[in-house]
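Novice: Have a look at this one before I ask anything.
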Amino acid sequence: MCGRYSLTTPVEGLRRLFDFAERPNLAPRYNIAPSQEAPVVRLGPDGQRHLAALRWGLIPSWAKEGAIGNRLINARAETLAEKPSFRAAFRARRCLVAADGFYEWRQEGEAKQPYRIARRDGGPFALAGLWERWAPAGAEPIESFTIVTSDASALLRPIHERMPVLLWPEDHAAWLGGDTDQAKAALGRLLPDALLEAYPVSRRVNSPRHDDPACIERA
């Protein structure tokens with residue numbers, strides 16, 4: 001699964017990778033946690049890519065209560081087309097979750113040690129995501145997202161059995177606007193382990209109250 005990630009890349013670096021129109025003032029985020037808002041890139045009605053702040057934890061349009069989002073922070077790539085919570089979004093509402101690192105925990109003795117996984121060059125990347133719009137009665141609509149996960153690669157397998165899907169830049173267009181067959185193909189072409197590194201970090205990332213540079217420093 002993926003329960004924490006970071007986005008510290010300056011906005012111009014994100015615009016070069018994701019090609020969105022906006023020029024927002026984004027503060028660095030070192031420990032993004034479920035239920036918080038975070039930037040995603042999606043196609044707008046004009047067919048162009050746009051950056052938007054959505055809540056992490058997908059709330060299906062048919063949900064009776066928003067708390068379901070707490071259980072839907074991740075979606076398994078293998079079952080996107082079948083699961084009622086995700087199949088409509090997989091067909092029509094895919095997004096790129098902007099990130100430059102994510103965290104996983106490995107059991108070491110009696111404690112769990114957090115690791116940060118990032119590109120060796122420090123650059124940003126896209127996590128495959130889905131988004132939804134939920135309109136509760138008598139309240140403002142909420143737009144939310146989930147991160148798609150797959151079986152862990154060889155690099156991640158000693159740490160955790162699952163990992164978020166890191167998309168190749170060449171597959172961004174297919175994931176955002178292609179048909180479901182093209183989207184499934186994009187899910188099968190992940191960034192290679194040779195571009196990534198995993199290193200231990202402080203257990204301060206265990207708490208969402210901590211969102212500072214110390215979260216990404218090597219332990």
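Novice: Which one, Tyr30, Pro114, Ala99, projects farthest toward the positive side of the charge dipole computed for region 17-120 from Cβ point charges (K/R +1, D/E -1)?
Specialist: The Cα lying farthest towards the positive end belongs to Ala99.
Novice: Given H placed 1.01 Å from N in the peptide plane, which residues other than close sequence neighbours of Ala126 have an amide H under 5 Å from its amide H?
Specialist: Counting only residues 5 or more places away or on other chains, the set is Leu167.
Novice: Go ahead and run the numbers for FRET between Asp121 and Asn206, Cβ-Cβ distance against an R0 of 30 Å, rounding to 0.05.
Specialist: 0.65
Novice: Would you kindly state how much longer the chain becomes between Lys83 and Glu140 on full extension, computed as 0.36 nm times their sequence separation minus their alpha carbon distance, in nm to one decimal?
Specialist: 17.9 nm
Novice: Shape of region 100-219 from its Cα gyration tensor (a ≥ b ≥ c, root eigenvalues): rounded if a/c is under 1.5, otherwise prolate when a/b > b/c, or oblate?
Specialist: Oblate, because a/c is 1.5 or more while a/b does not exceed b/c.
Novice: For a quick size check, give me the Cα extents of region 56-116 along its three principal axes, largest first, whole Å.
Specialist: Rounded to whole Å, the extents work out to 42, 25, 20 Å.
Novice: Just one of [x] 0.94; [y] 1.16; [z] 0.97 is Rg/Rh (Cα atoms, Kirkwood Rh) calculated from these coordinates, so which is it?
Specialist: Recomputing Rg/Rh (Cα atoms, Kirkwood Rh) here picks out [x].
Novice: Continuing with the same structure: Please give the charge dipole size of the chain, origin at the Cα centre, charges +1 on K and R Cβ atoms and -1 on D and E Cβ atoms. Round to the nearest 20 debye.
Specialist: Dipole size: approximately 280 debye.
Novice: Roughly how many nanometres apart are two label points built 7 Å out from the Cα toward the Cβ at Glu217 and Gln36?
Specialist: My value for the distance between the label points is 1.8 nm.
Novice: Summing -39500 (n - 2.57) over the DSSP H runs of n ≥ 4 in the chain and dividing by its residue number, what mean residue ellipticity at 222 nm do you reach, to the nearest 500 deg cm²/dmol?
Specialist: Computed mean residue ellipticity for the chain: -3000 deg cm²/dmol.
Novice: Taking only Cα atoms and a 10 Å spring cutoff, compute GNM fluctuations for the chain and point out the largest among Glu37, Glu170, Glu140.
Specialist: Sorting by GNM fluctuation, first place goes to Glu140.
Novice: Report the calculated FRET efficiency for Ala92 and Ala27 (r = Cβ-Cβ distance, R0 = 45 Å), to the nearest 0.05.
Specialist: Efficiency at R0 = 45 Å is approximately 0.90.
Novice: Something else: Using only the Cα atoms of region 144-210, build the gyration tensor, take square roots of its eigenvalues as a ≥ b ≥ c, and label the shape rounded, prolate or oblate: rounded if a/c is under 1.5, else prolate if a/b is larger than b/c, else oblate.
Specialist: prolate
Novice: Below 19 Å, Cα to Cα, which lysines can Lys83 reach? Residues fewer than 8 away in the same chain don't count.
Specialist: Partners within reach: Lys64, Lys184.
Novice: I would also like to ask the following. Does region 1-121 come out rounded, prolate or oblate, given a ≥ b ≥ c as the square roots of the eigenvalues of its C-alpha gyration tensor, rounded meaning a/c under 1.5 and, failing that, prolate meaning a/b above b/c?
Specialist: Because a/c hits 1.5 or more and a/b fails to exceed b/c, region 1-121 counts as oblate.
Values in this text are rule-based calculations from the coordinates and carry no lab data. Since this is a predicted model, take the numbers as computed values, not measurements. Quick reminder, even Gly has a Cβ in these numbers, built from the backbone with ideal geometry, and neighbours come from all protein chains shown.
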